[in-house]
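Engineer: Dropping the structure in here first, questions after.
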Amino acid sequence: MQNMIGDPIPLLHGVQSYSTAPERRDAAANRARILMVAEALFAEHGVSAVNMAEIAEEAGVGKGTLYRNFANKGELCLILMDTQLREFQDQRLELMRSQSESGIPCLEQLAEFLEALVAFTEVHMPLLFEVQQDTQALNEREIQRPHFWQYMTAYGLLRSAVRAGELPADFDSAYMAEALLAPLAPPTFRFQREVLGFDVDRIAEGLNLILGALSSLQRIIA
């Protein structure tokens, strides 16, 4: 069976320019020490409570060295999340390939993806919030925030759902992909969790209800 994902879904490459570029031994050591210190400080005090000056002081490096390695705190947080992000993407893409080969409808695949994304966002919220806040100003050709891959995944699945007849032919996949992900933007997600008191199951169920309404569109038209 043809892969129902259809459009290629790119892997996040936000750290590519860092992980592949050759570094001097001392520069690499500084970079590793900064990341280790930042991770320890975040674990002890919380991500939001630690600033870049404190990281530089604890790591024993100057601010110039710190900012040559990381433009801001959000970029540093993104690098710390590199392994987790790549593992999450690899797992989801492999699962979607398997589901497509088994004939699982695209909207069902999207529902599972969103549920997994809710869980991932919950676990990594402090780092994701800093990434969202600080990486907006970075050159998008050099770094892609996690949202880019999430959007391309949702968009690809919605387009495939249209081609498979699960959604109307004139369905606006580009807009709806962004609308579905809007509740998972770190500031909005944190507001739902900490201010409104929604638990993760409620958030996931809400997104599932929206998808259920979308799937009814084709039945109504038919």
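Read-outs throughout are calculated quantities, based only on the coordinates presented, and are distinct from any laboratory measurement. Here the structure is a predicted model, which is why all the values come from computation and not from measurement. Positions of Cβ are backbone-derived with ideal geometry, glycine not excepted, and every protein chain shown enters the neighbour counts.
Engineer: Could you put THR65, THR121, THR188 in order, starting from the residue whose Cβ has the fewest other Cβ atoms within 10 Å?
Structural biologist: Details: THR65 18, THR121 22, THR188 13.
Ranking THR65, THR121, THR188 by Cβ neighbours within 10 Å, fewest first, gives THR188, THR65, THR121.
Engineer: For the pair ALA182 and HIS45, how long in nm is the line joining their label points, each one 7 Å along Cα→Cβ?
Structural biologist: Taking the two extended label points, one gets 3.7 nm.
Engineer: Can I ask one more? Could you give the length gained by full extension between ASP199 and ALA71, i.e. 0.36 nm per residue of separation minus their alpha carbon distance, to one decimal place?
Structural biologist: Working: separation 128, 0.36 × 128 = 46.08 nm, distance 3.38 nm.
Computed gain between ASP199 and ALA71 is 42.7 nm.
Engineer: Right, here's the next one. If I model a spin label at TYR151 and ALA164 as a point 7 Å from the Cα along the Cα→Cβ vector, what separation in nanometres do I get?
Structural biologist: Computed distance between label sites TYR151 and ALA164 equals 2.4 nm.
Engineer: Determine the dipole magnitude for the stretch 80-221: charges of +1 sit on the beta-carbon of Lys and Arg, -1 on that of Asp and Glu, nothing else is charged, the reference point is the Cα centre, and the result goes in debye to the nearest 20.
Structural biologist: That gives a dipole near 280 debye.
Engineer: If R₀ is 41 angstrom, what is the calculated FRET efficiency for the pair GLU108 and ARG190, using the beta carbon separation as r and rounding to 0.05? Intermediate values should be presented prior to the final figure.
Structural biologist: On the way: r = 28 Å, r/R0 = 0.69.
That pair, GLU108 with ARG190, gives E of 0.90.
Engineer: Return the Rg/Rh ratio of the stretch 16-73 with Cα-based radii and a Kirkwood Rh. Before the final figure, lay out each step's value.
Structural biologist: Details: Rg = 11.4 Å, Rh = 11.8 Å.
Across the stretch 16-73, the Cα-based Rg/Rh ratio is 0.97.
Engineer: Let me ask something else. What ranking do MET96, MET152 get, fewest neighbouring Cβ atoms within 10 angstrom at the top? Show your work: numbers first, answer last.
Structural biologist: Values: MET96 24, MET152 18.
So the ranking, lowest neighbour count to highest, is MET152, MET96.
Engineer: Computed FRET efficiency, Cβ-Cβ of THR83 and GLU58, R0 25 Å: what is it to the nearest 0.05?
Structural biologist: Details: r = 22 Å, r/R0 = 0.89.
The calculated FRET efficiency here is 0.65.
Engineer: Whole Å is fine, so just give me how far the alpha carbon centre of the stretch 36-99 lies from that of the stretch 152-222.
Structural biologist: Cα centroid to Cα centroid, the span is 29 Å.
Engineer: With N set to the number of residues, divide the alpha-carbon radius of gyration of the stretch 80-221 by 2.2 N^0.38 Å and report two decimals.
Structural biologist: Numbers: Rg = 15.5 Å, N = 142, 2.2 N^0.38 = 14.5 Å.
Its radius of gyration relative to the 2.2 N^0.38 Å reference: 1.07.
Engineer: Something else about it: Length gain on complete extension for the stretch SER216 to GLU122, per 0.36 nm per residue less the alpha carbon to alpha carbon distance? Intermediate results must be reported in sequence, preceding the final value.
Structural biologist: Values: separation 94, 0.36 × 94 = 33.84 nm, distance 2.92 nm.
Full extension of this stretch gives 30.9 nm more.
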